[in-house]
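Engineer: Take this structure, written in structure tokens, and hold onto it; I'll ask about it next.
Nothing in this text is a laboratory measurement; each read-out follows from the coordinates by a stated rule. Bear in mind the structure is a predicted one, so any value in this text is a computation, not a measurement.
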Amino acid sequence: MSYHAAPPKQTPTSTLPTYSAKDLTQDGDVAHIVLGDQTYTLRITRAGKLILTK
């Protein structure tokens, strides 16, 4: 017998805020994002991938 979890609920993308990574980095490759008292660093790699670190 196999059990499967219910698929996660998805929010329609039209209701989610959408931001361009290039806008966040002001056409650079690094931006800081603050959540509460924590600051995270968002980096765009040379391969065009995103890395978010504390």
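Engineer: Calculate, in nm to one decimal, what VAL30 and SER14 gain on full extension: separation in residues at 0.36 nm each, minus their alpha carbon distance.
Structural biologist: Extending this stretch completely gives an extra 3.1 nm.
Engineer: Send over the Kirkwood Rh of the chain, from the inverse of the averaged 1/r over different Cα pairs, rounded to one decimal Å.
Structural biologist: For the chain, the Kirkwood estimate is 13.9 Å.
Engineer: To the nearest 500 deg cm²/dmol, what mean residue ellipticity at 222 nm is calculated for the chain from DSSP H runs of n ≥ 4 alone, each contributing -39,500 (n - 2.57), summed and divided by the residues?
Structural biologist: After summing the helix terms and dividing by residue count, I get -1000 deg cm²/dmol.
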